[in-house]
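The values are calculated or read from the model by the stated rules, or taken from the named source; none is laboratory data. What you see is a predicted model; the values in this text were computed from it and never measured. Positions of Cβ are backbone-derived with ideal geometry, glycine not excepted, and every protein chain shown enters the neighbour counts.
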Amino acid sequence: MGWTDPRCLFLVPMLALSLSLAAQAGTAPAPAPPAATPKASTPTAPALRPGEGLAIAGPDLEVHAYGAAAQEQPMGDLAQIVWLRLEGEEWAARDVQFKCTGTMGAFHCLLPKGHGRLNLKKAIQESCQLAFLGWILDSAQYWRHEYGEGAARARLVDVFAPFLGRRLKAGENLPEFGLEWVGAGDLLRSSPEALLKWLLDPAQSELLYRCRRLMLDFLTETYQTEAWWIKTGTAPVPGEAGATSAWALGSNDAYTVVLHLPKGTGKTEALARFQAIMAIPVKAKKK
């Protein structure tokens, strides 16, 4: 095929165009790299009072700690949340009931006249230690029969290990259960930061949902998806008889928060501080 061939006359312009495009591509500036994805900003530090510790996690599940959030404290009534992790599903299925008259053998309720008749929902809302202890003792009998002492103890320790340290006496059998397992004494300890990290662990994936169902009424839990539930509780102060500190744990699905208040505080102060720090509107009481 010669250069006078009509087919060559068609190919020559096409070749020139290809060379021109190649030259332009070689000299064109490289495309700009994609913009870096901005990192999630750290929340503004809340205004805490001396001795307060706060841990908060948002939708990204990153834990942010403020104040005395890393300081370990007796868990007090929040120990009952750990029992919900271990036995809550079973207790709910059985619809457990308890009548708190203020005493149960050698054990005494924080309310001298007791809380009256309780189901699981009311017991967790009112932090009735006797109700939880009664259900624990009943469950322990079942564990012994169903699993044997050794396996039952291993099951207990598997859940409670983060809060026991080395304070549980060595042995192969289940321990004796008293009020120190549900809010008294300092057997069970945690810090706001450590407790929040435990709550966010996938092993506890159902626990926050269970708490929401127990802490809120049916209509709120069902139709107000962003409603806050808040569990408050008191805890003893080691070495100071009669002195208490206070806890508040709450979530609205998007955020989960653990707050600890120092010596001299109670459940009322814990609720008020939690609401103030998280800017939760407080409904006016009906006259």
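Scan segment 56-106 for residues that are of a type in the set (A, V, I, L, M, F, W, C) and over 30 Å from Leu118 (Cβ atoms) and jot them down.
Taking segment 56-106 as the starting set, the residues that turn out to be of a type in the set (A, V, I, L, M, F, W, C) are 56-57, 61, 63, 65, 68-70, 75, 78-79, 81-84, 86, 91-93, 96, 98, 100, 104, 106.
Within segment 56-106, Ile56, Ala57, Leu61, Val63, Ala65, Ala68, Ala69, Ala70 meet the criteria.
Can you give me the number of residues within segment 121-142 that are more than 19 Å from Glu180 (Cβ to Cβ) and in contact (Cβ under 8 Å) with a residue 12 or more places away in the chain?
Initially, segment 121-142 is screened for residues more than 19 Å from Glu180 (Cβ to Cβ), giving 121-122, 125-126, 141-142.
Still in the list and also in contact (Cβ under 8 Å) with a residue 12 or more places away in the chain: 121, 125.
The total comes to 2.
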| Does segment 98-120 contain any residue that is of a type in the set (D, E, K, R), assigned to a helix (DSSP H, G or I) and either touching a Ser or Thr at 6+ places or on another chain (Cβ under 8 Å) or farther than 19 Å from Leu179 by Cα (or both)? | no
| message | Against the definition (surrounded by fewer than 21 Cβ atoms within 10 Å (Cβ to Cβ) and closer than 15 Å to Leu84 by Cβ), how does Tyr209 come out, yes or no? | response | yes
| task | Only residues that are among the hydroxyl-bearing types (Ser, Thr, Tyr) and within 18 Å of Leu214 (Cβ to Cβ): list them for segment 101-148, please. | result | Ser127, Ser139
| message | Condition check: at pLDDT 95 or above, of a type outside the set (Ser, Thr, Tyr), surrounded by fewer than 21 Cβ atoms within 10 Å (Cβ to Cβ) and outside any strand (DSSP E or B). Does Ala131 satisfy that? | response | no
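If you check Trp181, Trp143, which single one turns out to be in the same structural domain as Arg94 (by TED's automatic domain parsing) and closer than 23 Å to Val258 by Cβ? If you could, list the steps in order and put the result at the bottom.
On the way: Trp143 fails: closer than 23 Å to Val258 by Cβ.
Of the residues listed, the single one that is in the same structural domain as Arg94 (by TED's automatic domain parsing) and closer than 23 Å to Val258 by Cβ is Trp181.
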| said: Just the residues that are out of contact with any Ser or Thr (no Cβ under 7 Å at 6 or more places or on another chain) and assigned to a helix (DSSP H, G or I), please, taken from segment 163-179. | reply: Leu164, Leu179
| query | Looking only at segment 71-110, which residues are of a type in the set (A, V, I, L, M) and exposed (fewer than 14 other Cβ atoms within 10 Å of the Cβ)? | reply | Ala93, Ala106
| surrounded by 14 or more Cβ atoms within 10 Å (Cβ to Cβ), in contact with a strand residue (DSSP E or B) (Cβ under 6 Å, 6 or more places away or on another chain) and either without any contact (Cβ under 8 Å) to a residue 12 or more places away in the chain or not in a helix (DSSP H, G or I) (or both) - does that describe any residue in segment 147-157? | no
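Restrict the check to segment 63-75 and report whether at least one residue is over 15 Å from the mean Cα position of the chain (by Cα), on the phi < 0 side of the Ramachandran plot and β-branched (Val, Ile, Thr).
Step one: list which residues in segment 63-75 are over 15 Å from the mean Cα position of the chain (by Cα), which gives 66-68, 70-74.
If we keep only those that are on the phi < 0 side of the Ramachandran plot too, we end up with 66, 68, 70-74.
Retained after the next criterion (residues that are β-branched (Val, Ile, Thr)): none.
Looking through segment 63-75, none of the residues is over 15 Å from the mean Cα position of the chain (by Cα), on the phi < 0 side of the Ramachandran plot and β-branched (Val, Ile, Thr).
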